[in-house]
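What follows is a single structure, written as structure tokens, with notes after it.
The values are calculated or read from the model by the stated rules, or taken from the named source; none is laboratory data. The structure displayed is predicted, hence computed values, not measured ones. Accessible surface areas use protein heavy atoms only, side chains included; no ligands, DNA or RNA. Shrake-Rupley method; radii C 1.70, N 1.55, O 1.52, S 1.80 Å.
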Amino acid sequence: MQNELKHELHLVLSGKSQIRFGTAIQSIASYLDHGAQTSSTVENEKHYKNQETKSLEKYISENSLWIEVNLSQYVSEGAEQKVYLKDAEHVLKLNDSIY
């Protein structure tokens, strides 16, 4: 099951599979790849993650990709995600990418 999800995610990111927000996901992934670099220490990884966060926030703002989350609709959370109700049929998962 996990391998299937990884394969499906790879198809979305590579543009070989279409989903509702596939274009936005692909453009963000491409944007982040252009600034990607390798790092060898934990300190460099933290610095890179901070730079990536700022860059991603800028890109999202410039392309009007922000969504509103009603924090009072909290449902549950796991290791990396908090889950909120969006409406009667949908949820929003917010990933804090701690790993």
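Applying the selection to segment 71-81, what residues are modelled with pLDDT of 90 or more and open to solvent by less than 90 Å² (accessible area, probe 1.4 Å)? Across segment 71-81, the qualifying residues are Gln73, Val75, Ser76. Is one or more of the residues making up segment 82-98 open to solvent by 60 Å² or more (accessible area, probe 1.4 Å), at pLDDT below 90, of a type in the set (S, T, N, Q) and not in a loop (DSSP other than H, G, I, E, B)? Yes, that holds for at least one residue.
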